[in-house]
């Protein structure tokens, strides 16, 4: 035990000695890299040489006993100052500096060291912060005013792992972020930079797709905000799974909404009820047929989910704008039947139909901008066109 202890103590002593030597050499290097120690050394040498030359000249003219007392004191003080300045360039100890600090004077070298420590601490904190960001799923990008990539955390390469360009980190330096955005969504990024020029303080949150080699959609959500020098910082997170989940929920909700509308088999019952009310109250009702234009072609081009969302939007609009006495039925795949009743005048009934048509088109335009979804509408009026339910249909 004692032998092991002695070995450990010896090793510890050697390590401590080595550590102290390293620390000393480090301090010496730090002192040597500043110009102030060199100036002290030069000034100290000049003072010492000047005193030696001056004393030597005076001794040539007079003996030591004939030298003035004040001259001896001044030369001695200057000599000590010169020696102290010279050795302080190596040891860092200067009694003049200590004396001046007693009178609350500051040293530029100390201020520089304090600033260096502050800057080093700030750099270490920033480095630690960036390492923390690399552990997160969110990617942090810095872009210049033209949208070129300046910096990116490791999460950016994880998000874009399906893109061949970012397999190596050096590949994206200086490239435009538009090269990674899906062509159909690049206008979203352009609009962000346009808004950024108009408002330097606002932040913008948008969802868009990235380009993948396997032609799958990779959805991301980005928060864009302005920083100094006209640059933009962007925080991106992958929302592909979240987006797909929302799409599934919307599809199931759409299917549920459509399934809640009575089908064609209920039309006979609903029409008979409308005929009885019209005979009882001696008023009018109408059968309104609504058909979504080019629905089959739209389904082939955009998929069943998108097609069902149009049907759901149309059904919701008609359901919200109908009266309690009206009935809405699913007549076919892309067709609806509305039974509009309880109107005393035929002109009032026609006005109500026109309002329904206007509101339905407005709803489709708002829900599907750019798709130009249209529909066809036809109406038959009881008893203006016929008094028979079969003939009305």
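The values are calculated or read from the model by the stated rules, or taken from the named source; none is laboratory data. Not measured: the values here are computed from a predicted model. Here the Cβ is made from the backbone with ideal geometry for all residues, glycine too, and neighbour counts use every protein chain on show.
Things worth noting here:
- Close pairs from segment 341-353: first over 14 Å from residue 378 (Cα atoms), partner part of a helix (DSSP H, G or I), Cβ under 6 Å, at least 6 apart: 341/274; 341/277; 343/349
Yes/no matrix, rows are residues, columns are (1) closer than 25 Å to residue 225 by Cβ; (2) at pLDDT 80 or above:
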residue: 102; (1), (2): no, yes
residue: 113; (1), (2): no, yes
residue: 117; (1), (2): no, yes
residue: 140; (1), (2): yes, yes
residue: 163; (1), (2): yes, no
residue: 171; (1), (2): no, no
residue: 180; (1), (2): yes, yes
residue: 195; (1), (2): yes, no
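- In segment 369-384, of all residues being surrounded by fewer than 16 Cβ atoms within 10 Å (Cβ to Cβ) and either more than 19 Å from residue 342 (Cβ to Cβ) or out of contact with any strand residue (DSSP E or B) (no Cβ under 9 Å at 6 or more places or on another chain) (or both), the one that is modelled with the lowest pLDDT corresponds to 370.
- Residue match in segment 250-263 (condition: modelled with pLDDT of 80 or more, in a helix (DSSP H, G or I), touching a helix residue (DSSP H, G or I) at 6+ places or on another chain (Cβ under 6 Å) and crowded, with 16+ Cβ neighbours inside 10 Å): no
- Evaluating residue 350 against the criteria (1) under 44 Å from the mean Cα position of the chain (by Cα); (2) assigned to a helix (DSSP H, G or I); (3) at pLDDT below 90 leaves one unmet condition, (1).
- Filter result (part of a helix (DSSP H, G or I), surrounded by 10 or more Cβ atoms within 10 Å (Cβ to Cβ) and touching a residue at least 60 places away in the same chain (Cβ under 8 Å)) within segment 91-108: none
- All positions within segment 278-305 that are assigned to a helix (DSSP H, G or I), in contact (Cβ under 8 Å) with a residue 12 or more places away in the chain and touching a helix residue (DSSP H, G or I) at 6+ places or on another chain (Cβ under 8 Å): 295, 298, 305
- Top-ranked residue of segment 306-329 - restricted to ones that are in contact (Cβ under 8 Å) with a residue 12 or more places away in the chain and outside any helix (DSSP H, G or I), ranked as farthest from residue 369 (Cα to Cα): 325
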